[in-house]
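Taking it in order: structure first as structure tokens, then the write-up.
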Amino acid sequence: MNTPVSATRLVPAVAVPEGAGVTVYRTIGTPALRNYDPFLLLDHISSDNPEDYIAGFPSHPHRGFSTFTYIIDGHMAHQDSMGNSGDLGPGSAQWMKAASGVIHSEMPKQENGLLRGFQLWINLPAANKLDHPEYQEYSAEAFPVVKTPDYTVKILIGRFDGASAPIVDNITDVSYFDVQVQPGKHFHHRLPVENNSFLYVFEGTGQLNGRNVSLHSLATLGADGDSLDFAAGREGARFIVISGKPVHEPIVQYGPFVMNTREQIDQALKDFQSSNFVRDRAWIKRDK
């Protein structure tokens, strides 16, 4: 019999200005939760006020980690220094393994209306920090959905109940699900005990193994068991549940550069200020 994991920590989201002035709601990457190995940052965009998002995220660099962007509502355009471009619409997602270096931009393709989505930063081990970049982009229809009378699960990374997402992380074994639970119903899920896992509620409320979890809160999941039970409140609930294998290495971060030593950060800055930052063209994989 699986032992239910506990919500070891509840972290409310904090409004943070990012990019050229975009308001994001951050949980991982704040003083309350600096990182949660292998996860470095979780930002949630959710607004129908263009002043909160219209400035977007102009060109900026990344090195040493991967990003995963999931758009729930609205449109975001991607362009990078290697010539890749894409349009992330409702339900679509993008995996970008920046590794040795990518310069890209993410700009809204709308001037009004609702924009909702997430960006997750995932650390890379030292052995992979200077790998060739990889870029994958998929429309909403590419992701499998498992439906039951109690809940619906969209599988964005990894596998669930026999269904596999087009994106598989072979380095940190990340899984990423968008879960919607009907009012008063339960969602049970088994988690790898060797992973760090968390849940973030972005619609409704509920109880995680008997503990209240409010809207726009992240709950880290303890390593004392491998099964979670989420009971939705009277209005139902929607959340992402994410799990990954820890890297167990030193983290030295300077803005968009995440390496293992200060010397490597200094080298990333030197490379960015010269013509040595973007070394390799990304391998591109799309469903269209």
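General remarks:
- Cα gyration tensor shape for region 103-184, rounded if a/c is under 1.5, else prolate or oblate: oblate
- Each 5 Å bin, from zero up to the one with the longest distance, holds this percent of the alpha carbon pairs of the chain: 1, 6, 12, 16, 19, 19, 13, 8, 4, 1, 0, 0.
- Placing unit charges on the Cβ atoms of the charged side chains and taking the dipole of the chain about its Cα centre, the candidate lying farthest along the positive direction among A32, A126, V278 is A126.
- The mean accessible area for residues of region 96-222, using a 1.4 Å probe and ignoring ligands and nucleic acids, is 39 Å² per residue.
- The charge dipole of the chain, taken about its Cα centre with unit charges on the Cβ of Lys, Arg, Asp and Glu (plus for the first two, minus for the last two), comes to roughly 260 debye.
- Rounded, prolate or oblate (a/c below 1.5 giving rounded, otherwise prolate when a/b exceeds b/c) for region 27-102 by Cα gyration tensor: oblate
- Farthest positive-ward along region 136-213 dipole, Cα basis, beta-carbon charges - from T172, H188, A140: H188
- Accessible carbon and sulfur surface of region 139-262 relative to its total accessible area, %, 1.4 Å: 46 percent
- With contributions of -39500 (n - 2.57) from each DSSP H run of at least four residues, the per-residue ellipticity at 222 nm computed over the chain stands at -1500 deg cm²/dmol.
- In a reduced charge model with +1 at each Lys and Arg Cβ and -1 at each Asp and Glu Cβ, region 214-271 shows a dipole moment near 200 debye about its Cα centre.
- When the P(r) of region 131-223 is calculated, the portion above 20 Å amounts to 43% of the C-alpha pairs.
- Between the residues F68, N212, V14, the greatest Cα displacement towards the positive end of the dipole of the chain, with unit charges on the Cβ of Lys, Arg, Asp and Glu, is found for N212.
- Region 15-154: C-alpha gyration tensor shape, a/c 1.5 cut-off, then a/b vs b/c: rounded
- Stretch gain in nm, segment R159-L215, where the contour uses 0.36 nm per residue and the Cα spacing is subtracted: 17.6 nm
The values are calculated or read from the model by the stated rules, or taken from the named source; none is laboratory data. Bear in mind the structure is a predicted one, so any value in this text is a computation, not a measurement. Every residue, glycine among them, receives a Cβ derived from its backbone with ideal geometry; neighbour counts consider all protein chains shown. Just so you know, the surface numbers come from the protein's heavy atoms only, side chains and all, with ligands and any DNA or RNA stripped out. Shrake-Rupley method; radii C 1.70, N 1.55, O 1.52, S 1.80 Å.
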